[in-house]
1. State to the nearest 20 debye the size of the charge dipole of the chain about its Cα centre, where the only charges are +1 on K and R beta carbons and -1 on D and E beta carbons.
2. Would you mind checking the pairs Lys12/Lys159; Lys4/Lys118; Lys25/Lys118; Lys4/Lys147 and listing those with alpha carbons more than 28 angstrom apart?
3. Neighbour counts of other C-beta atoms within 10 Å: give me Phe27, Phe151, Phe8 arranged from fewest to most.
4. Among Val292, Val20, Val273, which one shows the biggest mean-square fluctuation in a GNM of the chain, springs joining Cα atoms closer than 10 Å?
5. Where does helix 106-119 land angle-wise versus the long Cα axis of the chain, in degrees 0 to 90, nearest 10?
6. With a point put 7 Å past each Cα toward its Cβ, work out how far Gln52 is from Lys3 in nm, to one decimal.
7. Would you compute, from DSSP H runs of 4+ residues alone, the mean residue ellipticity of the chain at 222 nm, taking -39500 (n - 2.57) per run and dividing by the full residue count, rounded to the nearest 500?
8. Between Asp324 and Lys118, how high is the FRET efficiency from 1/(1 + (r/R0)^6) when r is the Cβ-Cβ distance and R₀ = 30 Å? Nearest 0.05.
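All of the numbers you see were taken from the coordinates with simple rules; none came from a lab. Owing to the predicted nature of the structure, the values given are computational and were not obtained by experimental measurement. Counting neighbours? That spans all protein chains shown, and the Cβs are built from the backbone with ideal geometry, glycine included.
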Amino acid sequence: MEKKIILFGAGKIGKQYLEVLGYNKVFAFCDNNFSGQTVYGKKVISYEELKQIYLEYVVILSVGSKNMHEISMQLDADRIPYETFMRRHRQVLIERGEYKKIENEGIFTDLFVECVKKRSPQVFACVGAATGGYASIASYYMGEDTKIYLFEPIPEYVKVIENIFAGDSRVCIVDKAVSNRSGKLELFATVKPNETSIAHSFTMDKQQTMFSHEYTNESETLTHVVETVVLDEFFDETVVDLMLIDIEGAEVLAIEGMEQLIAQRKTTFFLEVHEPYINAIRADGMEYINMVFKKNGYKIYWCELEEGIDYKAGRGGHRLVPSDRIRWEHCIVTPFEWETI
């Protein structure tokens, strides 16, 4: 008989998971703050009670990334096995072809799926993996003898992807930031008060954290000092077929550190270009990025926005067009011709 589920986390995310999983499949919630109460029609048990009965149930974390690290450490300390809802839910969405419920970036997402399915990469590197949305899609379609490298320096995100890809021997998680030199780097992010998830993005400039204009003086600033890695050194003897880069302006540093890899002309890049943040790091950053790819004979394609559509409404573009230069924000850079859509 299939085991019932205990959802660890009785907040709004717990409610969403309850609705998706089905009321009858969930035995109870567990929560460090609401034990003894009834939430969304389900009782909330204490952590002490969970420790007594966990072998009879499947424990699934139903918290945001901001709290996931702390709770997973709590469960790890008592050797209580658990799953993340993301892993199970994403597989269902991919099977249904509902990729944009995992990553919703217009034609950029569509073409990433097409590339993985049709071009069958043997090695995929995701620089700035966050919670591993694109990596989940890639891992579903890539074969058994392939390799997936996830570069993510933020501990909260690292814990999420460790849980999602646990047991997948193809996946190598590198908990470092990609840069132009090995060492340490300070990253900043701004979070709204009472948010259940950590910030959308970490940048190198405290004044330019993503979406900072939307936050109030009560918003919290998160700081992480992280280790860095250089891709030319990391992939010294490895051919990378496909790479996705999304690191909030630090893509200019990543590219500085992989000119040898680019010169091989064997990698297709799905590149998110954050021009304001690039300029804060290096004044000629955009010119430099364009120069590196152009001198090595790469073709540049831009995920074009519809005329009159603002950035937020059209993020990811609606069609792919050849371009004479990399444009903000979504581009595909490849050593071969790509049919336009």
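1. Values: 38 positive and 52 negative charges, 179 e Å.
Charge dipole, the chain, about its Cα centre: 860 debye, nearest 20.
2. Values: Lys12/Lys159 21 Å; Lys4/Lys118 38 Å; Lys25/Lys118 37 Å; Lys4/Lys147 34 Å.
As for pairs spanning more than 28 Å Cα to Cα, those are Lys4/Lys118; Lys25/Lys118; Lys4/Lys147.
3. Numbers: Phe27 18, Phe151 23, Phe8 27.
Lowest count first: Phe27, Phe151, Phe8.
4. Highest fluctuation of the listed residues: Val20.
5. Around 80 degrees separate the two axes.
6. With each label point 7 Å from Cα toward Cβ, the separation is 1.9 nm.
7. Details: 13 runs with 112 residues, N = 341.
Rounded to the nearest 500, it is -9000 deg cm²/dmol.
8. Working: r = 26 Å, r/R0 = 0.87.
Step by step, r from the Cβ atoms, then E = 0.70.
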